[in-house]
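Report on the structure given below.
The values are calculated or read from the model by the stated rules, or taken from the named source; none is laboratory data. All values derive from a computational prediction rather than experimental measurement. Cβ sites come from the backbone with ideal geometry, for glycine too, and all protein chains shown count toward neighbours. We work out accessible area using only protein heavy atoms, side chains counted, and drop any ligands, DNA or RNA first. Shrake-Rupley method; radii C 1.70, N 1.55, O 1.52, S 1.80 Å.
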Amino acid sequence: MNKTQLTAEDLKKYIRTFWYIIIGGILFAALFLTLIGLGAFGKLPSFVELENPKNSLATEVRSADGKVLGTYYRQNRSYTKYEELSPNIINALIATEDIRYYEHSGIDIKRTFTIIFYNLAGNRQGASTITQQLALNLFSEEGRSRSTLKRGIQKLKEWITAVKLEYNYTKEEIITMYLNTVDFGNNSFGIKAAARTYYNTTPDKLTIDQSAVLIGLLKGTTIFNPIRNPNRSTARRNTVLYQMNKNKFIDDETYEILKNSTTELDYQPTDHNEGLAPYFREYLRIEITKMLRDGTIKNKPDGTPYDLYRDGLRIYTTIHSDMQRYAEEAEKEHLAVLQKQFFDHWKGRVPWEKVPEVIGQGMRRSDRYLALKNAGASEDSIKREFDKPIRMSVFSWKGDIDTVMSPLDSVKYYKMFLRSAMMSMEPQTGYIRAWVGGINYKHFKYDQVKDGARQVGSTFKPFVYTVAIDNGFSPCFQIENRPVVFEDFNNYSPKNSDNKTGGVYTVRQGLARSVNIITAYLIKQVGPKSVADLAKRMGLTGDIPAYPSIALGVTDVTIYDMVGAYSVYANKGIWTEPTYLIRIEDKNGNLLYNKVPRKREVLSEQTAYVMLYMLEGTTTLQGGTGQRLRFRYGFTNPIAGKTGTTQNNSDGWFMGITPQLVTGVWTGNEDRGVHFRSINLGEGANMALPVWALYMQKVYKDPKLNYSKGPFEAPIGGVNIELNCDMYNQSRIKRDDRDDRLGF
């Protein structure tokens, strides 16, 4: 018998060995998978962890009209629901990444074995399903190891997690989780952030070609980035469109049109210096951080405070995105013109010629100086550093300029720029609709709305007149324009801005023309303390000493407080706390904080209405300081307002009141020593009023906002103070005749 021939016994032995190997392999694989499942090679996510992945979620700041104003994050990630996803983004993803998505249970066995043969043939392809990619995105912490064994274990863990995902979630939930977790580049994690960043839209509105660009990014967020590599991005987009056409998600005609078209970007970078309301968002961030620390905002169920940057809070504010945009546009339009006037006004000269310490203070306040000082540098070495020319980018109203200048020259350059700020609020609700803290947050971080108290000038005068009306003075009462002396206050005697005296003014005319002596007469009659007390009740929080000089606005007050105070007039004597935050919810919509604005009655409804009538004179009476609202800007509706100009034209103010909106504007330089030399250029009517006018023009043109142009509502019971000065004077003459006849 040939030794090479197998006996029946040998054959049985080989078959038996074969089956031992097969069964042993199966048992070993089962044991290996069991050990992986038990966490012997690293912990697998539990069901609770699947429900609550540890990805950081960005906190969203939402406007009153439903827009996302900005986010606070370590990773810019926001979640969206399945019903908020456009079918286009889902179809693009499935067509490109996992066409058998709805047929497999997490692992596509058929595709896996097919891909093995492709890879053996040198055509490398990935076999991971969407579910497997989700598992890797959510739970892989150690990343890809160079070790073949570790890579194999990682893949098996990924498979097990994918199966668990399929077991516990629907296909719709899995694809939603996937789109919420993937990185789309440019600091955009998740489809909601990506849609906003690249196209300034929401996931439900993504078009076919936009969806193709975003899904194409998943292949490589750098190489296919539409900002950095537009040509490669377009090529990858067309590949995705081809897959969508091939798999019947789009027809041939649509494919041909889209592959030859341009997908326009509306790039909105996630930069805290950019976007709407940057000053407001920064102020809000600081305030909410305090609220989280002191327990004002509810803690998590486990007792720990929420993390503003990781827990996906939803912050609902009163800011209206359109009104905020109009306010920012108005500031830019006017300040660009005003700044040119300022440069021309000082051409060949420097504003700080008589106050050189302005530059030294500016240098010592700069980040560069503080950094050098903290590093132990001497004053002499710091001065030398400030004299060395370096490359830098500086602000201009035509855009940032790349230039070379010394840090000291940059201090001087920035000292020449005027600043401006604005706040707009609904008096009945207290809701702040626009908050502009400065002219450019990137270059000028200081918020002038809430933090920047400045002298208010003549905008303080209405508080004096309010006390006078409350004490029986009529708007028609006549006062001689002659010096007033305060004997109890070192014979203090204020002068008019034009230094002129003589003539007679009614109380209403005195306010409309902002005559200092008339205001001084009234505060002498009612007393400085009563005026200071009223200003406090109307919401002014700063120091208001009971001196006669407060009548002319020497007190420092914020725009925030001034707008709140003026809103009392439009709200029938009720002060309502200026409110910017409505509520805060967690990522699941559970209420964590709810704001209820404080309210208090400050004035009678009648006094408030009479003051509106008085303040309307500013824009309607001859010589009124706000008349240019009529002849230059074309307003015909009732507007109550007050301009304000401080000493040396350092600060310009305008406070404007309409029935449903109160808005305050301040304009000036960072340093009071830098200002216009002439009253024509430096008065509030020229520096601040135009911002208000441009803003309100935009507000009134927007039919969605629907703010009233009607008159101010009179008290239900009428007004028992005579507002018709002709009738008032006739009545007064009759009273005088009667008194003469009776011998009084």
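Among residues of region 698-720 that are over 15 Å from GLU426 (Cβ atoms), those with a Cβ under 6 angstrom from a residue that is part of a loop (DSSP other than H, G, I, E, B) and modelled with pLDDT of 90 or more, sequence gap 6+ or separate chain, pair up as LYS709/ASN637; PRO711/PRO638.
Residues in region 642-659 that are of a type in the set (Gly, Ala, Ser), out of contact with any Asp or Glu (no Cβ under 8 Å at 6 or more places or on another chain) and part of a strand (DSSP E or B): GLY656 only. In the condition set (1) modelled with pLDDT of 95 or more; (2) open to solvent by 40 Å² or more (accessible area, probe 1.4 Å); (3) touching a strand residue (DSSP E or B) at 6+ places or on another chain (Cβ under 9 Å), LYS536 is compliant with all but (3). Scanning region 275-296 for residues that are under 19 Å from LEU591 (Cβ atoms), open to solvent by 20 Å² or more (accessible area, probe 1.4 Å) and either touching a strand residue (DSSP E or B) at 6+ places or on another chain (Cβ under 8 Å) or outside any helix (DSSP H, G or I) (or both) yields GLU287, MET291, GLY295, THR296. Every condition in (1) under 24 Å from GLU601 (Cα atoms); (2) touching a strand residue (DSSP E or B) at 6+ places or on another chain (Cβ under 6 Å); (3) surrounded by fewer than 22 Cβ atoms within 10 Å (Cβ to Cβ) is met by THR506 except one, and the failing one is (1). Looking across GLU329, GLU353, one residue alone is at pLDDT 95 or above, acidic (Asp, Glu) and out of contact with any strand residue (DSSP E or B) (no Cβ under 6 Å at 6 or more places or on another chain). It is GLU329. Evaluate the following for TYR431: is it free of Cβ contacts under 8 Å to residues at least 24 places away in the same chain and open to solvent by 40 Å² or more (accessible area, probe 1.4 Å)? In short, no. For region 311-401, the helices (runs of 4 or more DSSP H) that sit wholly inside it and include 1 or more residues that are closer than 25 Å to VAL665 by Cβ, open to solvent by less than 20 Å² (accessible area, probe 1.4 Å) and in contact with a helix residue (DSSP H, G or I) (Cβ under 6 Å, 6 or more places away or on another chain) are 321-345, 357-365.
So is ARG738 open to solvent by 100 Å² or more (accessible area, probe 1.4 Å), in a helix (DSSP H, G or I) and at pLDDT below 85 or not? Spelling it out, ARG738 is indeed open to solvent by 100 Å² or more (accessible area, probe 1.4 Å), in a helix (DSSP H, G or I) and at pLDDT below 85. Is it the case that region 664-684 has a residue that's open to solvent by less than 20 Å² (accessible area, probe 1.4 Å), within 30 Å of LYS347 (Cβ to Cβ), among the charged types (D, E, K, R) and touching a residue at least 24 places away in the same chain (Cβ under 8 Å)? Yes, some residue in region 664-684 is open to solvent by less than 20 Å² (accessible area, probe 1.4 Å), within 30 Å of LYS347 (Cβ to Cβ), among the charged types (D, E, K, R) and touching a residue at least 24 places away in the same chain (Cβ under 8 Å). Evaluation of HIS272 against the conditions (1) under 30 Å from VAL436 (Cα atoms); (2) open to solvent by less than 60 Å² (accessible area, probe 1.4 Å); (3) assigned to a loop (DSSP other than H, G, I, E, B) shows that the sole unmet condition is (2). For region 621-631, give me each residue that is part of a helix (DSSP H, G or I) and either among the small types (Gly, Ala, Ser) or open to solvent by less than 40 Å² (accessible area, probe 1.4 Å) (or both). Once the filter is applied, which keeps residues that are part of a helix (DSSP H, G or I) and either among the small types (Gly, Ala, Ser) or open to solvent by less than 40 Å² (accessible area, probe 1.4 Å) (or both), region 621-631 yields ARG628, LEU629. When ARG583 is tested against (1) within 30 Å of TYR79 (Cβ to Cβ); (2) part of a helix (DSSP H, G or I), only condition (2) is not met. Considering GLY553, GLY589, the condition of being over 26 Å from ALA421 (Cα atoms), at pLDDT below 95 and either of a type in the set (Val, Ile, Thr) or out of contact with any Asp or Glu (no Cβ under 7 Å at 6 or more places or on another chain) (or both) is satisfied by GLY589 alone. From the list ASP470, ASP451, ASP488, the lone residue that is farther than 24 Å from ASP533 by Cβ and among the acidic types (Asp, Glu) is ASP451. For TYR560, the conditions (1) open to solvent by 20 Å² or more (accessible area, probe 1.4 Å); (2) hydroxyl-bearing (Ser, Thr, Tyr); (3) farther than 21 Å from SER63 by Cβ are fulfilled apart from (3). The lone criterion from (1) open to solvent by 60 Å² or more (accessible area, probe 1.4 Å); (2) farther than 19 Å from VAL563 by Cβ left unmet by LEU522 is number (1). Within the set LEU552, LEU540, the sole residue that is within 26 Å of LYS572 (Cβ to Cβ) and under 43 Å from the mean Cα position of the chain (by Cα) turns out to be LEU540. If you filter region 687-705 down to residues that are of a type in the set (Lys, Arg) and more than 20 Å from the chain's Cα centre (by Cα), you find that the one that is least open to solvent (accessible area, probe 1.4 Å) is LYS704.
Scoring VAL467 on the criteria (1) touching a Pro at 6+ places or on another chain (Cβ under 9 Å); (2) part of a helix (DSSP H, G or I) leaves a single failure, condition (1). Note on region 470-521: among residues that are basic (Lys, Arg) and either more than 44 Å from the chain's Cα centre (by Cα) or outside any loop (DSSP other than H, G, I, E, B) (or both), the one that is modelled with the lowest pLDDT is LYS500. Consider region 177-232 and keep the residues that are at pLDDT below 90, part of a helix (DSSP H, G or I) and among the hydrophobic types (A, V, I, L, M, F, W, C). The one that is most open to solvent (accessible area, probe 1.4 Å) is MET177.
Looking across region 589-620, the residues that are closer than 12 Å to ILE469 by Cβ, open to solvent by less than 30 Å² (accessible area, probe 1.4 Å) and not in a loop (DSSP other than H, G, I, E, B) come down to THR607, ALA608, VAL610, MET611, LEU612, MET614, LEU615.
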